[in-house]
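Trainee: My questions will all concern the structure given below.
The values are calculated or read from the model by the stated rules, or taken from the named source; none is laboratory data. All of these numbers come straight from a predicted model, not from anything done at the bench. FYI the Cβ positions are ideal-geometry reconstructions off the backbone, even for glycines, and counts take in every protein chain you see. For accessibility, only protein heavy atoms count, side chains too; no ligands or nucleic acids. Shrake-Rupley method; radii C 1.70, N 1.55, O 1.52, S 1.80 Å.
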Protein chains: 2
Amino acid sequence: MFSDIDPRSPTPLYEQIAARIRVAVASGELAPGDALPSVRALARELRVNPATVVQAYRDLAIDGFVEMRHGQGTFIQEVPAFMRDEERTAQAQKLVRKLLQDAARLGLSAEDIERAFQAEAGVEIRE
Amino acid sequence: MFSDIDPRSPTPLYEQIAARIRVAVASGELAPGDALPSVRALARELRVNPATVVQAYRDLAIDGFVEMRHGQGTFIQEVPAFMRDEERTAQAQKLVRKLLQDAARLGLSAEDIERAFQAEAGVEIRE
DNA sequence: ATCAGTGTATGGGTTAACTAATACACTAAT
DNA sequence: ATTAGTGTATTAGTTAACCCATACACTGAT
């Protein structure tokens with residue numbers, strides 16, 4: 001599950017770990033209620049400091065993907081807890097607003113962005 | 001021209017400066033042969049250290065957008081038309097990639113983003 | 001109560017990015 | 001030669017990110 005974690009990568013370890021778990025949740029590989037490896041167990045497996053795993057888990061907890069229960073473990077959250085439609089819409093809008101703002105600052109048109117979006121979205125992998 | 005440079009932005013000052021000029025060149029807002037503000041002049045205008053402007057100008061010089069002439073100034077280079085398009089595309093793609101990355105981080109799909117984009121820009125995305 | 005498991009909190013070391021400060025060197029006009 | 005403009009080079013301070021080390025606190029089974 002965590003075989004591709006690479007300490008030499010420019011992207012931080014904790015981010016790699018979190019990203020891997022996000023994907024696992026999104027793809028259903030991890031179901032709500034499932035327990036993640038304990039902080040120490042995963043740290044040992046990856047030959048990494050426990051605090052690094054904590055940082056990954058905490059990020060996931062902040063975003064609502066998992067819940068950390070003191071003394072018990074870390075568990076995948078129920079989807080409805082963070083996936084309510086209105087919230088998704090609001091968050092998406094926030095991101096897009098920021099994008100358009102940045103684009104405007106650079107003098108890029110909405111059309112430029114649209115093309116880029118098509119190109120990127122086209123690269124997406126279907127399963 | 002440099003009114004949107006923001007010291008509090010997470011993206012570095014020199015990068016903001018360079019990005020703004022890249023697009024200005026790509027869009028023809030700045031023509032080949034045009035002189036950029038001198039390192040000191042721009043630094044003063046932006047209330048920034050000259051070395052910061054230098055870093056921006058140097059990046060542009062490395063990529064062939066400008067030429068720095070010792071004792072004379074910094075000037076816009078001739079950039080082939082196709083390169084200009086590529087540059088605009090590259091900048092747009094950079095922004096969109098970041099957007100999609102943030103979206104994935106929150107568990108948002110490309111579809112969520114597409115909807116938000118349509119709502120904001122009134123532009124249709126086709127696949 | 002104890003123990004072995006879990007997450008939590010705090011502080012420190014290392015490194016890299018960013019920005020600044022200062023002195024240097026070239027150019028062109030006088 | 002001087003001067004006022006230009007870019008260049010080197011060094012250093014500041015900040016933030018990243019990862020680690022260590023001690024703390026909770027939970028559930030014994």
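Trainee: Where does the protein assembly as shown land on the Kirkwood hydrodynamic radius, alpha-carbon pairs, in angstrom?
Mentor: About 21.0 Å for the protein assembly as shown.
Trainee: In whole percent, and with a 1.4 Å probe on the protein chains, what portion of the accessible area of the protein assembly as shown is carbon and sulfur?
Mentor: 49
Trainee: With just the Cα atoms of chain B, tell me how far they stretch along each of the three principal axes, in Å, largest first.
Mentor: Extents along the principal axes: 53, 34, 23 Å.
Trainee: In region B:1-108, which trypsin sites (Lys or Arg not before Pro) fall in coil by DSSP and have 16 or fewer other Cβ atoms within 10 Å?
Mentor: Within region B:1-108, the qualifying trypsin sites (Lys or Arg not before Pro) (loop, at most 16 other Cβ atoms within 10 Å) are B:R8, B:R47.
Trainee: Here is a further query. Placing unit charges on C-beta atoms (Lys and Arg positive, Asp and Glu negative, everything else neutral), compute the dipole magnitude of chain A about its Cα centre in debye, rounded to 20.
Mentor: It works out to roughly 500 debye.
Trainee: Show me, for region B:13-29, the HN-Hα J-couplings you get by feeding each phi into the Karplus relation (A = 6.51, B = -1.76, C = 1.60, θ = phi - 60°), rounded to Hz, glycine and proline as x.
Mentor: Karplus-based 3J(HN,Hα) across region B:13-29 equals 4, 4, 6, 4, 4, 4, 4, 4, 6, 3, 5, 4, 5, 4, 8, x, 4 Hz.
Trainee: Ballpark to the nearest 100 Å², how much total accessible area do A and B bury together, probe 1.4 Å?
Mentor: Protein heavy atoms only, the A-B interface buries about 3300 Å².
Trainee: Related question: What average number of partner chain Cβ atoms lie no more than 10 Å from the Cβ of the residues making up B:19-28?
Mentor: For peptide B:19-28, the averaged partner shielding equals 3.
Trainee: Kirkwood hydrodynamic radius for region B:13-76: how many Å is it when counted over pairs of different Cα atoms?
Mentor: About 11.5 Å for region B:13-76.
Trainee: To continue, here is another question. Looking only at other chains, what is the average number of their beta-carbon atoms within 10 angstrom of each beta-carbon in B:84-97?
Mentor: Mean shielding count: 5.
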